[in-house]
Amino acid sequence: MGQFINTAQAEAWNGYEGEQWARSQERWDAVNDGFNQPLLDAAAISATDHVLDIGCGAGRTTRLAAQRAGEGRALGLDLSGPMLERAGASAEREGVRNASFVQGDAQAHPFEPEVFDAAISRYGMTFFADPVAAFANIGRALRPRGRLAFICAAEAEANEWLQALASLKEILPLGGFGVPGGPGMFSLTDPDHTLALLASAGFENARVERVEAAGNWGKDAEDAAAFLLDSGPGRHLLGQVAPATQEQARRALTDALRPYEEAGAVWLRSSSWLVTAVREGRRDARIMPLLTHGADAASLRPHTARHAATAESTASSPKSRG
């Protein structure tokens with residue numbers, strides 16, 4: 001086990017949150033599996049590659065990467081002991097012998113330098129206390145020109161499960177849940193900000209592309225509502241209100257999910273960003289301070305469904321964190 005810099009997240013993912021994800025692995029995979037192929041295709045994993053999976057959770061993407069790298073290996077890193085225990089058991093059961101797992105913090109884990117051909121993540125890159133330090137540390141683990149590909153949440157209003165939760169705003173204290181740039185899963189919803197972080201951490205040729213997939217959240221509206229409210233955020237929200245209000249929220253969420261029932265399942269569309277970049281090839285990854293003013297509009301050019309920038313143009317005039 002490595003050093004934990006991100007102590008708040010380590011506490012959460014080694015408590016109820018991690019335990020709930022571990023015991024509900026198949027259900028969370030049913031929600032998120034639609035993003036696996038775009039992620040792995042973008043990483044361009046070859047048969048002999050060594051792949052690093054950041055925030056691997058219960059190890060679904062690690063095992064899939066290991067299968068693509070049949071003559072190589074895949075290493076999954078996560079803060080959560082309960083999820084890693086489930087990941088190891090699943091790999092053994094499935095006979096994926098070239099996948100291994102280690103508990104650690106991506107910001108500080110002592111990776112062997114320049115050993116991985118690709119680093120991937122499905123929703124595991126947004127919980128860093130210091131994202132520039134984390135991306136720079138991941139970059140040092142990649143070979144020069146090593147590939148980075150990860151999935152992170154897009155804006156809340158483009159995700160149907162978040163819109164269903166937002167319908168409870170008059171019942172539960174949602175606060176700033178879903179606000180772009182906030183702590184947790186929405187910290188990388190601004191593509192320009194993400195590109196600037198990557199350039200500052202020593203990556204180049206960065207691109208951000210929207211990808212969408214429908215996920216199965218339950219067998220019917222009641223089941224899906226119970227699953228959502230049994231998650232860590234759901235329990236946190238329910239814990240702030242009286243039992244009668246909790247029941248009101250369950251009924252309201254069930255009603256909000258009813259229109260999405262189809263053929264014995266509740267299908268909700270999620271919208272995410274697929275982020276790709278490569279580690280700089282002729283010099284070591286380095287951290288450059290992000291400027292807070294003077295941004296050049298040409299340095300980060302938005303498109304309808306895609307953002308792109310070279311490291312040189314981004315680094316010359318990066319966007320501010322805000």
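Being part of a helix (DSSP H, G or I), open to solvent by less than 50 Å² (accessible area, probe 1.4 Å) and closer than 23 Å to Asn137 by Cβ narrows it down to one residue among Leu40, Leu75; which is it?
Exactly one of Leu40, Leu75 is part of a helix (DSSP H, G or I), open to solvent by less than 50 Å² (accessible area, probe 1.4 Å) and closer than 23 Å to Asn137 by Cβ, namely Leu40.
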_Considering only residues that are buried (at least 18 other Cβ atoms within 10 Å of the Cβ) and within 24 Å of Asp223 (Cα to Cα), which ones fall in the range 1-15?_
Trp13
*May I ask you to verify whether Ala12 is out of contact with any strand residue (DSSP E or B) (no Cβ under 6 Å at 6 or more places or on another chain), among the aliphatic types (A, V, I, L, M), closer than 17 Å to Arg63 by Cα and assigned to a helix (DSSP H, G or I)?*
no
*If you take the residues of the range 43-67 that are out of contact with any strand residue (DSSP E or B) (no Cβ under 7 Å at 6 or more places or on another chain) and within 25 Å of Gln20 (Cα to Cα), which of them is least open to solvent (accessible area, probe 1.4 Å)?*
Ala58
*Could you grab the pairs with beta carbons closer than 6 Å, sequence gap of 6+ or different chains, first residue in the range 151-171 and more than 26 Å from Asp41 (Cα to Cα) and touching a residue at least 60 places away in the same chain (Cβ under 8 Å), second one open to solvent by 10 Å² or more (accessible area, probe 1.4 Å) and of a type outside the set (A, V, I, L, M, F, W, C)?*
Ile171/Gln248
_Can you name every one of the helices (runs of 4 or more DSSP H) wholly within the range 161-261 that holds 3 or more residues which are modelled with pLDDT under 95 and open to solvent by 20 Å² or more (accessible area, probe 1.4 Å)?_
232-238
*Unique residue being at pLDDT 95 or above, in contact with a strand residue (DSSP E or B) (Cβ under 7 Å, 6 or more places away or on another chain), among the polar types (S, T, N, Q) and buried (at least 24 other Cβ atoms within 10 Å of the Cβ) when the list is Ser100, Ser121*: Ser121
*Some residue of the range 138-154 being among the basic types (Lys, Arg) and assigned to a loop (DSSP other than H, G, I, E, B)*: no
*asked:* So, in the range 78-96, exactly how many residues are open to solvent by less than 10 Å² (accessible area, probe 1.4 Å) and modelled with pLDDT of 95 or more?
replied: 3
*Conditions: (1) surrounded by fewer than 20 Cβ atoms within 10 Å (Cβ to Cβ); (2) touching a residue at least 60 places away in the same chain (Cβ under 8 Å); (3) not charged (D, E, K, R). Gly18 meets all but one. Number of the miss?*
(1)
*Identify the single condition in (1) closer than 23 Å to Pro131 by Cα; (2) out of contact with any Leu (no Cβ under 8 Å at 6 or more places or on another chain); (3) polar (S, T, N, Q) that Thr48 does not satisfy, given that it satisfies every other one.*
(1)
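The values are calculated or read from the model by the stated rules, or taken from the named source; none is laboratory data. All figures in this text were calculated on a predicted structure; none of them were measured in a lab. Neighbour counts are summed over all protein chains in view; Cβ atoms, including those assigned to glycine, are modelled from backbone coordinates with ideal geometry. Keep in mind that these areas ignore ligands, DNA and RNA; they rest on the heavy atoms of the full protein, side chains included. Shrake-Rupley method; radii C 1.70, N 1.55, O 1.52, S 1.80 Å.
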